[in-house]
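To keep things clear, I will list the structure first and then write my remarks on it.
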Amino acid sequence: MKEKELHIDGIDKIILKSLMANARTPILGIARKVGISGAAIHQRLRKLEASGLIAGSKFVINPKVVGYKTLAFVGIFLDTASKYSEAIKRLREIPEVIESHYTTGDWAIFIKILCKDNEHLMNLLNKEIQSIKGVARTETFISLDQQIDRQIKL
């Protein structure tokens, strides 16, 4: 089924860009900027949320401040595709796994994980991830630095 493309007007774009730049931007400040009431801003935000455009809002914790200094990406090879659901179920139980993607290409699953250090990463790989039934092997990439972190532009 093809998704219907959502039309957003100039006011919606100003609201979204303001909140994407800083989610704590006061609604009344945005309202003054565009010349409509705070209630109208709230109503537009509810409409955008209901449309599925706004996937949510959250506080972002800096993992380094709480001791998680190693970011890695792991490609997971499964011995058979039928093991996918069970592998995902087990990966959900590992708190260091912060993203999971079902992919094309060499790996069945590609995950993003946060660890305290390389030793933590090695233990997680050896004792948790590679012990999941159906995981044939893994391929790990450690991130040395993140240069780009952004959302899609409106």
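The values are calculated or read from the model by the stated rules, or taken from the named source; none is laboratory data. Not measured: the values here are computed from a predicted model. Using ideal geometry, Cβ is built from the backbone for each residue, glycine included, and neighbour counts are taken over all protein chains shown.
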Margin query: Here are the criteria: (1) farther than 30 Å from ILE142 by Cα; (2) surrounded by fewer than 16 Cβ atoms within 10 Å (Cβ to Cβ); (3) touching an Asp or Glu at 6+ places or on another chain (Cβ under 9 Å). Tell me which single one PHE77 does not satisfy.
Written below: (1)
Item checked: The listed residue being touching a strand residue (DSSP E or B) at 6+ places or on another chain (Cβ under 6 Å), surrounded by 14 or more Cβ atoms within 10 Å (Cβ to Cβ) and among the β-branched types (Val, Ile, Thr), out of ILE109, ILE94 -> ILE109
Notebook entry, point to check: In segment 52-91, how many are among the acidic types (Asp, Glu) and in contact with a strand residue (DSSP E or B) (Cβ under 6 Å, 6 or more places away or on another chain)?
Noted result: 1
Margin query: I'd like the residue in segment 119-154 that is surrounded by 11 or more Cβ atoms within 10 Å (Cβ to Cβ), outside any strand (DSSP E or B) and hydrophobic (A, V, I, L, M, F, W, C) and, out of all such residues, is modelled with the lowest pLDDT.
Written below: LEU154
Next item on the list: With the checklist (1) touching a residue at least 24 places away in the same chain (Cβ under 8 Å); (2) surrounded by 12 or more Cβ atoms within 10 Å (Cβ to Cβ) in hand, flag the one item ILE88 doesn't pass.
Entry: (1)
Next item on the list: Collect the residues in segment 63-93 that are under 19 Å from the mean Cα position of the chain (by Cα) and either acidic (Asp, Glu) or at pLDDT below 95 (or both), keeping them in residue-number order.
Entry: GLU93
Check: How about segment 20-40: which of its residues are within 18 Å of LEU154 (Cα to Cα) and touching a residue at least 24 places away in the same chain (Cβ under 8 Å)?
Finding: MET20, ALA23
Check: Of the residues that make up segment 104-114, is at least one within 26 Å of ALA55 (Cα to Cα), at pLDDT below 95 and either in contact with a Pro (Cβ under 8 Å, 6 or more places away or on another chain) or of a type outside the set (Gly, Ala, Ser) (or both)?
Finding: yes
Check: Within segment 17-28, is there a residue that is surrounded by fewer than 12 Cβ atoms within 10 Å (Cβ to Cβ), under 22 Å from ARG150 (Cα atoms), at pLDDT 95 or above and hydrophobic (A, V, I, L, M, F, W, C)?
Finding: no
Notebook entry, point to check: If the Cβ limit is 7 Å and pairs must be 6+ apart or interchain, which residue in segment 55-78 that is without any contact (Cβ under 8 Å) to a residue 40 or more places away in the chain pairs with which residue that is among the charged types (D, E, K, R) and part of a loop (DSSP other than H, G, I, E, B)?
Noted result: none
